[in-house]
Amino acid sequence: MGFMRKSQLLLRVLQSVIELSSYRFILFSSGYGPLDAATRILATETSICSEKGEPVMNGISLFSDRLFCFSGSVPYKWLFPKCAAAIHHGGR
């Protein structure tokens, strides 16, 4: 995700998609610093996060709990079958 110059814009795009859909989303940042920082900033600047921007299970929930931002790792073989769709950056 090193190509991303404006991480906050990605979060705003996700917010727009969330508002147009009935789905919940998970964003794995894999420890990408700029995206993690943008998530924390958005969580503390807005009132649209759960738990007042506090971490929830090692992540942050935004946009009325419809976007869960997670910086750790998860077994894809377990998660992907539970998803309606997955967008993956193609890296390791």
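The values are calculated or read from the model by the stated rules, or taken from the named source; none is laboratory data. Everything quoted here is computed from the prediction, not taken from an experiment. We place every Cβ from the backbone using ideal geometry, glycine too, and count neighbours over all the protein chains shown.
Within segment 34-60, residues that are on the phi < 0 side of the Ramachandran plot and buried (at least 17 other Cβ atoms within 10 Å of the Cβ) sit with their Cβ atoms under 9 Å from residues that are at pLDDT below 70 and of a type in the set (D, E, K, R), at 6+ positions apart or across chains, in these pairs: A43/E51; A43/K52; A43/E54; I60/E51; I60/E54.
In a residue-by-residue description of segment 38-56, the property of being among the aliphatic types (A, V, I, L, M), at pLDDT 90 or above and under 12 Å from the mean Cα position of the chain (by Cα) applies to at least one position.
Against the conditions (1) at pLDDT below 80; (2) polar (S, T, N, Q); (3) more than 27 Å from R5 (Cβ to Cβ), S30 satisfies every one except (3). Taking the numbered list (1) at pLDDT below 85; (2) more than 17 Å from H88 (Cα to Cα); (3) of a type in the set (S, T, Y) in turn, S73 passes all entries but (2).
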